[in-house]
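The structure appears right after this line, and notes come after that.
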Amino acid sequence: MQLSNPSQLLLRSEELLTGASILVVNFNCDGFAHELRELNPDATICFFSYNFADGQFAKTHLNVAKIETSVSHQLPQQKFDLVIYYYPKAKAEALMTLDNIRAVMSDDATLLVVGEKKGGVKSIEKQLKGLAHGHKVDSAKHCQLYQYSEIDTLAEFAISDYEKTFTLEREVAGEKISCKVVSLPGVFNHGQLDDGTALLLDSLPAYPKAKTLLDFGCGAGIIASFCAKRNPKLKVTGLDVSALAGYATSQTFAANDIQGEVLLSDGLSEVTSRFDLIVSNPPFHTGLKTDYKITERFFASAKEHLNRGGELTLVANSFLAYPPQLEAQFKHHETIAKTKRFAVYQNR
């Protein structure tokens, strides 16, 4: 199996990749696990990700290597003597995860941090300044590898310390809607409402006859919660590939006394129900690149999960080439709101 550039860089320093209890955080979906197992035949190895799709990859490809896998909003609560961290592009998420890592490391543990230069891995130098002793070990293939020891560990980690809560208030068709939003680092809409979702919320009808709604790519659960506030009879489901988003949505539902369901899924792969409404501000990035495959798969399968007469409504950046994709999948397609930056599309 082909190795990603960060994994290849790690294996150039294989003498650093040994331990009795090893945690790999934000692992890449490649063959690194098998290489790591060969270097540590008797070690306890756990691969962790916030991403459900990564977890599905691990279940399929890592069982042979006898490696534990975990997909959650926080790291396994045990001690590790070696942690390998694939650095993310979201700096706020990185800071939170580093605190979580410091809470699961043994006192004499080693931390290896690897990532792409354009992804900002160099930020680790400032983020761990005064908290650990370390240096850059290697640089190649547009990636960098850092090694840290003598780490200032934490006695515990509480994810609630990193939550941001704000109140969302909108007036739609003369009706004032207010709901609390609980967000986390690494989750879309962390700490504030984005302009695209605001346009979507202001454009949505009340849907008085609708009974079920799916918020695809739910982030902090704003769309589902807002719609449930407008129509308390709606049964809402929040879906996201991120366990951090799933946790944030569950907290937002609880803050608003909404009995909603939260589902982790890669696209609609885990969805078995049909809905009257699917509403979304869908993601269009894979890593640092625009990826139309995400929405292509979503549009193609969304109509299979709509009840008769159901509607898909979404907001997107105006520059994205979504209209031709939507027109290819739905009989009725229209733009119901548009600004210089965003457009809201309705399909049925």
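The values are calculated or read from the model by the stated rules, or taken from the named source; none is laboratory data. Small disclaimer: the values here were computed from a predicted structure and weren't measured. FYI the Cβ positions are ideal-geometry reconstructions off the backbone, even for glycines, and counts take in every protein chain you see. Quick note on the areas: whole protein, heavy atoms, side chains included, nothing else; ligands and nucleic acids left out. Shrake-Rupley method; radii C 1.70, N 1.55, O 1.52, S 1.80 Å.
Values as computed for the structure displayed
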read-out: Cβ pairs under 6 Å, 6+ apart, first in the range 144-167 and under 24 Å from Lys122 (Cβ atoms), second open to solvent by less than 80 Å² (accessible area, probe 1.4 Å) and of a type in the set (Val, Ile, Thr); value: Gln144/Val121; Leu145/Val114; Leu145/Val137; Tyr146/Val113; Tyr146/Ile124; Gln147/Val137; Ser149/Thr110
read-out: Residues being buried (at least 17 other Cβ atoms within 10 Å of the Cβ) and closer than 18 Å to Ile67 by Cβ - total across the range 7-23; value: 7
read-out: Selection count, the range 39-67, where residues are outside any helix (DSSP H, G or I) and modelled with pLDDT of 95 or more; value: 12
read-out: Where Lys136 falls short, out of the listed (1) in contact with a Leu (Cβ under 9 Å, 6 or more places away or on another chain); (2) buried (at least 16 other Cβ atoms within 10 Å of the Cβ); value: (2)
read-out: Exclusive hit being part of a strand (DSSP E or B), surrounded by fewer than 19 Cβ atoms within 10 Å (Cβ to Cβ), of a type outside the set (Asp, Glu) and over 16 Å from the mean Cα position of the chain (by Cα), set Ser70, Ser106; value: Ser106
read-out: Residues within the range 64-93 that are in contact (Cβ under 8 Å) with a residue 60 or more places away in the chain and touching a helix residue (DSSP H, G or I) at 6+ places or on another chain (Cβ under 9 Å), tallied; value: 16
read-out: Candidate set: the range 45-64, residues that are touching a Gly at 6+ places or on another chain (Cβ under 9 Å) and open to solvent by 10 Å² or more (accessible area, probe 1.4 Å); chosen: the one farthest from Glu270 (Cα to Cα); value: His61
read-out: So Leu112, is it under 24 Å from Asp54 (Cα atoms), out of contact with any Cys (no Cβ under 9 Å at 6 or more places or on another chain) and hydrophobic (A, V, I, L, M, F, W, C); value: yes
read-out: Of residues in the range 170-201 being assigned to a loop (DSSP other than H, G, I, E, B), at pLDDT 90 or above and not hydrophobic (A, V, I, L, M, F, W, C), the one least open to solvent (accessible area, probe 1.4 Å); value: Pro185
read-out: Any chance Glu311 is modelled with pLDDT under 95 and either open to solvent by 70 Å² or more (accessible area, probe 1.4 Å) or assigned to a strand (DSSP E or B) (or both); value: no
read-out: Verdict on Ile84 being of a type in the set (A, V, I, L, M, F, W, C), open to solvent by 10 Å² or more (accessible area, probe 1.4 Å) and under 18 Å from Ala33 (Cα atoms); value: no
read-out: Enumerated helices (runs of 4 or more DSSP H) restricted to the range 202-308, each holding at least 2 residues that are modelled with pLDDT of 95 or more; value: 222-230, 243-255
read-out: Test result for His142, touching a strand residue (DSSP E or B) at 6+ places or on another chain (Cβ under 8 Å), open to solvent by 80 Å² or more (accessible area, probe 1.4 Å) and either at pLDDT below 95 or under 30 Å from Leu112 (Cβ atoms) (or both); value: yes
read-out: Selection status of Lys129, more than 30 Å from Lys340 (Cα to Cα) and in a loop (DSSP other than H, G, I, E, B); value: yes
read-out: Number of positions in the range 139-192 that are among the acidic types (Asp, Glu) and either touching a Lys or Arg at 6+ places or on another chain (Cβ under 6 Å) or on the phi > 0 side of the Ramachandran plot (or both); value: 1
